[in-house]
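K.L.:
To start, I am sharing the structure in question, which I have written as structure tokens.
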Amino acid sequence: MFEEAALYEATRRGFDGVICGHIHFPEIRNVKQKNRDILYCNTGDWVENCSALVEQGDGKIELLYWKNIAEQLPISPTNRNRSILEKINKAA
């Protein structure tokens, strides 16, 4: 219901899109409203999905998930455990 109301209001005001948050379903999609494409973005949430929206320098909006970012960090739990296991295996 909220999504429909936000899309209706974006269309009524002539906006190109709408960004919502904390409705627990992260997504970016185009919605056809009165013969126009309206960009619907939802951040999701930080508890169940650990998701967020970011705007790139060129204006593109992207959906990020913490689990994908954390694994790339040099001090992430995943990398730290891998490093420890490598040291143990080398010592054995």
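No lab work stands behind these numbers, since they all come straight from the coordinates. This structure is a prediction, so every number in the text was calculated from the model and none was measured. FYI the Cβ positions are ideal-geometry reconstructions off the backbone, even for glycines, and counts take in every protein chain you see.
K.L.:
For Asp45, Asp58, what's the fewest-to-most ordering of other Cβ within 10 Å of each Cβ?
P.N.:
Asp58, Asp45
K.L.:
Report, ordered by chain and residue number, the aspartates and glutamates lying within cross-link reach of Lys67, taken as a straight Cα distance under 15 Å and ignoring same-chain residues fewer than 8 apart.
P.N.:
Straight-distance partners of Lys67: Asp45, Glu48.
K.L.:
Set the Förster radius R0 to 30 Å, insert the Cβ-Cβ distance between Tyr8 and Asp45 as r into 1/(1 + (r/R0)^6), and round the FRET efficiency to 0.05.
P.N.:
0.80
K.L.:
How big is D, in µm² s⁻¹, for the stretch 2-65 by Stokes-Einstein at 37 °C and 0.692 mPa s if Rh is the Kirkwood radius over C-alpha pairs?
P.N.:
271
K.L.:
Calculate, for His24 and Gln72, the FRET efficiency according to 1/(1 + (r/R0)^6) with r their C-beta to C-beta distance and R0 25 Å; round to the nearest 0.05.
P.N.:
0.50
K.L.:
Excluding Ser51 itself, calculate the net charge of residues whose Cβ lies under 10 Å from the Cβ of Ser51, where each Lys or Arg counts +1 and each Asp or Glu counts -1.
P.N.:
Net charge around Ser51: -2.
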